[in-house]
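Enquirer: Sharing a structure, written as C-alpha cells. Questions coming.
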Amino acid sequence: MPQAKVKPSQGRFILATTKSKNKDAERSLYLRYTIGKEQAVVSIGVRVKQKDWNSTKQFIKSSNPDAAHLNRILSEKKDKVDKLIADYESEFTIQILRDMVQGTLTRLSTMSSSTLRWCMNWR
C-alpha cells in the first residue's frame, strides 16, 4: 500500500450520475477526497434534485425547502473529516483516508503510522 507524503486534497461534494435518480429525480450526494489518483468517497445520506445543487459553490440552493438544514448537515460532515485530516500527524495512506471519510476512524492515536497500519490490517 503506497504512502502519500502530502495531505489529501480538499474534500468536494459530488452529485451522483443520472443512473442513480430515485422516483422524485433526486440524486445522492457524496463526499470525495483524493490522494494522488486514488479516491475516498462516501455517501452523505442526502438526496437532492440536480436543479437544487450548486456544484461550484458546494451547497444546496434555497429552491430546496430543506436547504438550510441539509447544508448544515453537509458542513458538519465535511468539517469532521477536515478536522481529522488536519490533526493527523503521520503519513497518509488511502485506507486511512477512506476510514476517515467513512467515519470508521474517528479518533486519532499517538501510535506511529506503521503501528497504526498494522492494527488496521490485522484481522
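Enquirer: With Tyr33, Tyr88 as the choices, which residue is touching a strand residue (DSSP E or B) at 6+ places or on another chain (Cβ under 8 Å) and crowded, with 19+ Cβ neighbours inside 10 Å?
Expert: When all the criteria are applied, what remains is Tyr33.
Enquirer: For residues that are surrounded by 17 or more Cβ atoms within 10 Å (Cβ to Cβ) and assigned to a loop (DSSP other than H, G, I, E, B), scanning just the stretch 1-15, find the one that is modelled with the lowest pLDDT.
Expert: Pro8
Enquirer: Only one residue in Ser28, Ser75, Ser62 is of a type in the set (S, T, N, Q), assigned to a helix (DSSP H, G or I) and at pLDDT 90 or above. Which one? Give the steps one after another, and end with the answer.
Expert: Values: Ser28 fails: assigned to a helix (DSSP H, G or I); Ser62 fails: assigned to a helix (DSSP H, G or I).
It is Ser75.
Enquirer: Here is a follow-up. Please indicate, with yes or no, whether at least one residue in the stretch 31-54 is more than 13 Å from the chain's Cα centre (by Cα), farther than 18 Å from Ile96 by Cα and of a type in the set (Gly, Ala, Ser).
Expert: No: the stretch 31-54 contains no residue that is more than 13 Å from the chain's Cα centre (by Cα), farther than 18 Å from Ile96 by Cα and of a type in the set (Gly, Ala, Ser).
Enquirer: I need the full set of residues from the stretch 62-85 which are more than 18 Å from Arg32 (Cβ to Cβ) and small (Gly, Ala, Ser), in order please.
Expert: Of everything in the stretch 62-85, those that are more than 18 Å from Arg32 (Cβ to Cβ) and small (Gly, Ala, Ser) turn out to be Ser62, Ser63, Ala67, Ala68.
Enquirer: Restricting the search to the stretch 31-59, which residues are on the phi > 0 side of the Ramachandran plot and not in a loop (DSSP other than H, G, I, E, B)?
Expert: Gly45
Enquirer: When you scan the stretch 55-85, how many residues do you find that are of a type in the set (S, T, N, Q), without any contact (Cβ under 8 Å) to a residue 24 or more places away in the chain and surrounded by 14 or more Cβ atoms within 10 Å (Cβ to Cβ)?
Expert: Residues flagged as of a type in the set (S, T, N, Q), without any contact (Cβ under 8 Å) to a residue 24 or more places away in the chain and surrounded by 14 or more Cβ atoms within 10 Å (Cβ to Cβ) within the stretch 55-85 amount to 2.
The values are calculated or read from the model by the stated rules, or taken from the named source; none is laboratory data. Keep in mind the model is a prediction, meaning the values are calculated, not measured. FYI the Cβ positions are ideal-geometry reconstructions off the backbone, even for glycines, and counts take in every protein chain you see.
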